[in-house]
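First comes the structure, then the notes that go with it.
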Amino acid sequence: MKYDFTSRLERAGFDAVAVDGVGKGNAPAAPREGFDLIPMWVADMNFPCVPSVQRALVARAQHPVFGYFEPREEYFQKIIEWQHRRNGVEGLEPRHIGYENGVLGGLVSTLQSFCNPGDKVLVHSPTYIGFTHSIENAGFRIVNSPLVIRDGVWRMDFDDMEQKLAEQRIHAVVFCSPHNPCGRVWEREEIEQAMELFRRYGCTVVSDEIWSDIILPGHRHVPTQSVSEDARMRTVALYAPSKTFNLAGLVGSYHVIYSDYLRDRVNSASSKSCYNEMNVLSMHALLGAYEPEGYEWVDELRQVIAGNVDFALGYMAEHFEGVTACRPQGTYMLFIDCGEWCRAHGKGIVDVERAAWDVGVAVQDGRMFHGPCHVRMNLALPLSRVQEAFDRLDRYVFNA
Ligand SMILES: Cc1ncc(COP(=O)(O)O)c(C=O)c1O
């Protein structure tokens, strides 16, 4: 590998909620004495970012003025090139791209543009906790359509979706592609079928594609807007370099909206707080990320994650009877079902978590994502740390 995915990073004291946040609120408890923390909960990575990001930030920081600014033309061109080369997107123009502080902010602005408080929004479950919080916090009601596991793969239940859209008169959908926490990379036919339903029931679609760069071998991301002309015009797609390059602390994402009407409404809603403004360093971070080195780095990252996924699933199958997970096709998350193990051992998910947290394996409570007896595990760590985590789970949790 050209880039560093093996060094153990010391994040304590460097502004990391994954490390400094343990022991607070809903976070994992801190480990007991004698065990160091292996952060596997927050969705950021324990890898250094691509060097071109740091170089871009340092270069800009050396100029001593940080006044008001406009995004550079290069900002739009780099996004267009990224979307073209990674996702095969054609016809994307600067005017279709808009800045959003966060993907969740873009999602809420879209809902605020097309729904009234109290209106229902269709979301698949398991559900990313950020969706649950931000949609409810903004005054909308979530209607979950459960994904179902068929032949070891999470699938949408189109009958359930249709019934809910029709009976509950739902006109807004949040679609997560790839899906967090299930790791599904939706196939074109699945997206087509979903978008056809959304067309039939007159839904505005928020397509959260923040994970679209982290696609594992054998899969390909299909942008929701690419499946039909109708999908292109009824969808607000949200992207960011933050998940891909570990830049969440710098803040900054963007929307792609082809319909002038949708875009004007979303921009209008996003502007109301006066907070939705780009930070100059965050712009330079994106410019650094979308350099040629960034393309190479992401390809290496995907191989590293694939290796970690193989290790984790192999270890579970061999050593942890009654603990299962569908193989993720994208993202770096594993959504682990401990139901069978818990039933066989007369334990609950809280017992599993406490035992794991106690020995420093800081996984996240899956109930937040609607997994009744699940944990969500972040695998974006050096393989040696993932191996250490599984060794501890073996000795102190599942085969104690
Ligand atoms: C599916 C999904 N959407 C959005 C976010 C958060 O995005 P942002 O920080 O840009 O609001 C995350 C973070 O984990 C995520 O998994």
- Query: If a residue has to be under 22 Å from the mean Cα position of the chain (by Cα), free of Cβ contacts under 8 Å to residues at least 40 places away in the same chain and not in a helix (DSSP H, G or I) to count, how many in segment 34-90 make the cut?
  - Reply: 0
- Note on the structure: Picked from segment 125-144 (must be more than 11 Å from the ligand (Cβ to nearest atom), among the polar types (S, T, N, Q) and not in a strand (DSSP E or B)), the residue nearest to Thr244 (Cα to Cα) is Thr132
- In segment 79-117, what residues are charged (D, E, K, R) and over 11 Å from Tyr254 (Cβ atoms)? Glu81, Arg85, Arg86, Glu90, Glu93, Arg95
- Which residue pairs have Cβ atoms under 7 Å apart, sit 6 or more places apart or on different chains, and have a first residue in segment 198-217 that is under 10 Å from Ala172 (Cβ atoms) and in contact (Cβ under 8 Å) with a residue 12 or more places away in the chain and a second that is of a type in the set (Ser, Thr, Tyr) and outside any strand (DSSP E or B)? Thr204/Thr110; Val205/Thr224; Val206/Thr110
- If you take the residues of segment 336-363 that are under 25 Å from Arg150 (Cα atoms) and crowded, with 24+ Cβ neighbours inside 10 Å, which of them is farthest from the chain's Cα centre (by Cα)? Cys338
- Task: State all residues of segment 94-124 that are more than 15 Å from the ligand (Cβ to nearest atom) and hydroxyl-bearing (Ser, Thr, Tyr); if no residue qualifies, say none.
- Result: Ser113
- Any chance you could count how many residues in segment 256-291 are over 25 Å from Phe66 (Cβ atoms) and within 16 Å of the ligand (Cβ to nearest atom)? 3
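Would you point out which residue out of Arg220, Arg188, Arg150 is free of Cβ contacts under 8 Å to residues at least 12 places away in the same chain and at negative phi? Full working, then the answer.
Numbers: Arg220 fails: free of Cβ contacts under 8 Å to residues at least 12 places away in the same chain; Arg188 fails: free of Cβ contacts under 8 Å to residues at least 12 places away in the same chain.
The unique qualifying residue is Arg150.
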- Item | Selection status of Ala29, part of a loop (DSSP other than H, G, I, E, B), of a type in the set (Gly, Ala, Ser) and either within 16 Å of the ligand (Cβ to nearest atom) or touching a Cys at 6+ places or on another chain (Cβ under 7 Å) (or both) | no
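No lab work stands behind these numbers, since they all come straight from the coordinates. Computed from a predicted model, the values in this text were never measured in an experiment. When we count neighbours, we look across all protein chains shown, and the Cβ atoms used for this are built from the backbone with ideal geometry, even at glycine.
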